[in-house]
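J.: If you scroll down you'll find the structure; I have some questions about it.
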Amino acid sequence: MEANAGLVAGSHNRNELVVIHGHEEPKPVSALNGQICEICGDDVGMTVDGDLFVACNECGFPVCRPCYEYERREGSQLCPQCKTRYKRLKVGSPRVEGDDDEEDVDDIEHEFNIEDGQNKQNHLAEAMLYGKMSVGRGPDDLPPIISGNRSRPVSEEFPLSNHIYGDQQTLQPSSLHKRVHPYPVSEPGNGVFEGSGRWDDRMDDWKSKQGLLGPDPEDTFNIPYARARAHGSRRMDEARQPLSRKVSIASSKLNPYRMVIVFRLVVLAFFLRYRILNPVHDAIGLWLTSIVCEIWFAVSWILDQFPKWYPIDRETYLDRLSLRYEREGEPSMLSAVDVFVSTVDPLKEPPLVTANTVLSILAMDYPVDKVSCYVSDDGASMLSFESLSETAEFARKWVPFCKRYDIEPRAPEMYFSAKIDYLKDKVQPTFVKERRAMKREYEEFKVFLGHSGGYDAEGRELPRLVYVSREKRPGFHHHKKAGAMNALVRVSAVLTNAPFMLNLDCDHYINNSKAVREAMCFLMDPQLGRKVCYVQFPQRFDGIDRHDRYANRNTVFFDINMKGLDGIQGPVYVGTGCVFRRRALYGYNPPKGPKRPKMVSCDCCPCFGRRKKVRDGSASGGAGADYDDKEALMSEMNFEKKFGQSAAFVTSTLMEEGGVPPSSSAAALLKEAIHVISCGYEDKTEWGLELGWIYGSITEDILTGFKMHCRGWRSIYCMPKRPAFKGSAPINLSDRLNQVLRWALGSVEIFFSRHSPMLYGYKGGHLKWLERLSYINTTIYPFTSLPLLAYCTLPAVCLLTGKFIMPTISTFASLFFIALFLSIFATGILELRWSGVSIEEWWRNEQFWVIGGVSAHLFAVIQDSSKIDTNFTVTSKANDENDEFGELYAFKWTTLLIPPTTLLIINLVGVVAGVSDAINNGYQSWGPLFGKLFFSFWVIVHLYPFLKGLMGRQNRTPTIVVIWSVLLASIFSLLWVRIDPFVLKTKGPDVKQCGINC
């Protein structure tokens, strides 16, 4: 390595080195404000006191807190720049081997500071709002939301005394002050962890280890006790560590990838310049069409490629989450979660599929008192209601069986049908017997598909299961799935009000019982979680054929594009498998960090400025802060117009940590829950406009995530080793094309709406420009169907007419063509290298991009332009039980099949015609023919899966396909006769040669 290559940082455990450039000169600590970590690229962040985090006080080299802790724990423990040993921070930094023992007092007392007064504004608003909204209402109209009694503690809540401000005493809300540090206040005499001992005992033990206290003469057998306390201290140190870590992709994989992207961009610019400056005069129309298509493809590639400039991976630490928030013998401090499941049609979405999803939710590895499952039946089907009742009865036996033997997955249909060794790691002698009994119970449940209490067969509590069917009346807009999800948000806020929500489709079951814990490693992280609006998991599917003919797995999007977005501002919301922060759905902005101090200039040259005096009020948070609180409180009084006419729901929006007041009766809350899902509740409110799932598009998921990112929130992409959720995909060709049509039409609707990413969200400036490019690409990709259709038609037209759209290529120009194709190939290979996607999956994605582009995307653009109201049906989740992939060969006629079929026939006829014409005209026509055949075969190869879908099973070609093929072949045969290229054209005499004056 060269001497001027830069600084090198890394760890032998990770087997990776990071070269750091441009830091030869030490930077003062004051110049680090706003910088990023030079190891992982994340923000340096702030300390709990609001100051900039500084890892090294010698040179001020910018390193974030997680990298500082990681380097101290597993690295060289030295600053990468000045090579000075990292000193231990007094707050939240565990001891490691080699730390100086100069302090005679440990710093554990700093870990339990609770931030006082930060939620005073919300508490005042809650009290005043209830006072306003309760005027004129009788006791039977609304439940008593706030009373003088202290409500029962909810998640992460501690009993604190009332605060006195002047002569006025404020009521304690049901949601108390937000904790900055991860641990609750330990009461006197209680240890923080099992075996950690009392505070004074731990202090004496620590001082004894440092030699500051002599041995206790009365305690001669204290070695096991000391070891137990040391073990508890190590557990505490481990719990202090970050709950997750951003893992940058190795530079050896990423840097060549970026270099090829830049090289391809340069080559593309020279290629387009050459194509524009060298027109083909004898085929000017075809040449101009090809130029427009190529420019559009170049722009589309840029929009798709550059948001993948910063791909990252993440890892979570579930053991640290458990150590931090779950202490043995005490209630769990994990946040509560409301799980939403939506279904519409029991014929298209069989109740057994929904039941398996619900059972996997009820059996997931999470405290049962923190889980509530809400099932939205938007079809109001009695069959769905009865099946859910039977599901609740079967859950009494299924849930304890899963938790006793650690079953994965916990959806019974998938567990019993999986071809795995179910005896692996199951050493209990009673497991086989209980498994057989449970399988018989499940078979009976499938046949009957009971009304008991909320306890399982062993007497333990079960998670809550709530059936919801909102009111629907003629003349009201119901907004389909988005309206149903907003109804679930309001119902859950009134009944349970968990601070986080997980939404799943009825066919997406929990495949990893610890999936919610994975999400909590990000959302409950005291440093990262405050600005995270949601954690998105990738979608994985069952029941797809081995070769994935129609790219149903969509791994290129989930394993490449989403990783790239996670390195910018976060992945887009894809409709299912997402854990939300409730406050983000309420339209709140993310919490802001401490403001940076303004630049202060001196009176000397070259500053040419004057020193500005800082006001005491703004600096100390005195009168200015009180004025801001009053202004914010006045705006809070308009919540009734924003959230709707429900005091119970409005009050729940002010409770950051969730929970419901215990003084409210169940009957009153149920009455209020029915009120918030009535048809007219959303009238003259901001629901669907700024709150909840956003209306105005079929793809409400993209629009909802886009609004959150515009407010400044960031999202997280979580990819655990075991897939978190699995669902079913429409493997039939027609259903798959209709699904892609629905997505494309939703994107076109967003593009032409007021939320178009090209115009919306510039005012606040919270959306990063690479993230905006990604959203622009998400909304304009259907328009690529027009140039794609034209480009797929050009080869056939050139073969039929004998024209060639490429000019005579020189040796110098041919180098650009070769370089362009090599750069395209290298970009794909290097992208697969850092993402782990197989080349077969990438090729299937490329094939279906062409198939969907010339069919579903084209129809989406036409339908939105013509304003045709299309009623989409729910994709069928039922498969043929007699054949594993019986649905794959099923053929359902739809107009979406016409354009790809036409392209196939045109190019096949063109190939035959071009070869025949070359044979007829001699060797001089073979050179241009190879170029035409290359592009024509490119089209045919990309449409090959579509052709297999048309053919179905062997010897079972549908009649309608034969009719269309004969019809289109006849049309192009007549066109071929009209062109008649085989007949030698009659030419008159050459006047210049014979000299005859005609």
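The values are calculated or read from the model by the stated rules, or taken from the named source; none is laboratory data. No experiment lies behind these values; they were computed from the predicted model shown. All Cβ positions, even for glycine, are placed from backbone atoms using ideal geometry, and neighbour counts span all protein chains on display. Note: accessible area is taken over every heavy atom of the protein model, side chains too, but ligands, DNA and RNA are not part of it. Shrake-Rupley method; radii C 1.70, N 1.55, O 1.52, S 1.80 Å.
J.: I need every pair where a residue in the stretch 822-848 that is open to solvent by 20 Å² or more (accessible area, probe 1.4 Å) has its Cβ under 7 Å from the Cβ of a residue that is polar (S, T, N, Q) and part of a helix (DSSP H, G or I), sequence separation at least 6 or different chains.
T.: Correct list of pairs: E841/T555.
J.: Can you spot a residue in the stretch 820-829 that is modelled with pLDDT of 85 or more, under 15 Å from S936 (Cβ atoms) and in a helix (DSSP H, G or I)?
T.: No, the stretch 820-829 has no match at all.
J.: Condition first: under 25 Å from the mean Cα position of the chain (by Cα) and among the polar types (S, T, N, Q). Now tell me which residues in the stretch 848-864 satisfy that.
T.: Within the stretch 848-864, no residue meets the criteria.
J.: Would you say A729 is farther than 18 Å from M562 by Cα and touching a Phe, Trp or Tyr at 6+ places or on another chain (Cβ under 6 Å)?
T.: Yes.
J.: Which of the residues that make up the stretch 511-545 are in a strand (DSSP E or B), more than 14 Å from S244 (Cα to Cα) and under 16 Å from the mean Cα position of the chain (by Cα)?
T.: Hits for the stretch 511-545 are C533, Y534, Q536, R540.
J.: Considering only residues that are among the β-branched types (V, I, T) and either within 20 Å of V579 (Cβ to Cβ) or touching a strand residue (DSSP E or B) at 6+ places or on another chain (Cβ under 6 Å) (or both), which ones fall in the stretch 344-362?
T.: T354, T357, V358, I361, listed by residue number.
J.: Among the residues of the stretch 473-486, write down those that are surrounded by 14 or more Cβ atoms within 10 Å (Cβ to Cβ) and on the phi < 0 side of the Ramachandran plot.
T.: F476, H478, K481, A482, G483, A484, M485, N486
J.: Return the residue satisfying two criteria in turn: it lies in the stretch 462-506 and is among the aromatic types (F, W, Y) and within 13 Å of I677 (Cα to Cα), and of such residues it is farthest from the chain's Cα centre (by Cα).
T.: Filtering the stretch 462-506 for residues that are among the aromatic types (F, W, Y) and within 13 Å of I677 (Cα to Cα), the one farthest from the chain's Cα centre (by Cα) comes out as F476.
J.: All but one of (1) small (G, A, S); (2) under 30 Å from V574 (Cβ atoms); (3) open to solvent by 20 Å² or more (accessible area, probe 1.4 Å) hold for S774, so report the exception by its number.
T.: (3)
J.: Which of the following residues is assigned to a loop (DSSP other than H, G, I, E, B), modelled with pLDDT of 65 or more and within 22 Å of G567 (Cβ to Cβ): C59, C40, C82, C67?
T.: Residue meeting the stated conditions: C40.
J.: Does G712 fit the bill of being touching a Lys or Arg at 6+ places or on another chain (Cβ under 9 Å) and at pLDDT below 90?
T.: Taking the combined requirement at face value, the residue does not satisfy it.
J.: A further question on this structure: Of the residues A380, A418, which single one is of a type in the set (A, V, I, L, M), farther than 24 Å from E434 by Cβ and at pLDDT below 90?
T.: A380
J.: Then there's this: Does P412 satisfy being within 14 Å of K446 (Cβ to Cβ) and of a type outside the set (A, V, I, L, M, F, W, C)?
T.: When the stated conditions are applied, P412 passes them.
J.: Considering only residues that are among the hydroxyl-bearing types (S, T, Y), assigned to a loop (DSSP other than H, G, I, E, B) and surrounded by 19 or more Cβ atoms within 10 Å (Cβ to Cβ), which ones fall in the stretch 347-389?
T.: Selection gives Y366 alone.
Every residue, every condition in (1) open to solvent by 20 Å² or more (accessible area, probe 1.4 Å); (2) modelled with pLDDT of 90 or more; (3) not in a loop (DSSP other than H, G, I, E, B), yes or no:
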| position | (1), (2), (3) |
| --- | --- |
| A632 | yes, no, yes |
| A648 | no, no, yes |
| M655 | no, no, no |
| G659 | no, no, no |
| S664 | no, no, no |
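J.: A follow-up question, please. Quick one: how many residues across the stretch 546-567 are over 20 Å from I731 (Cα atoms) and outside any loop (DSSP other than H, G, I, E, B)?
T.: 8
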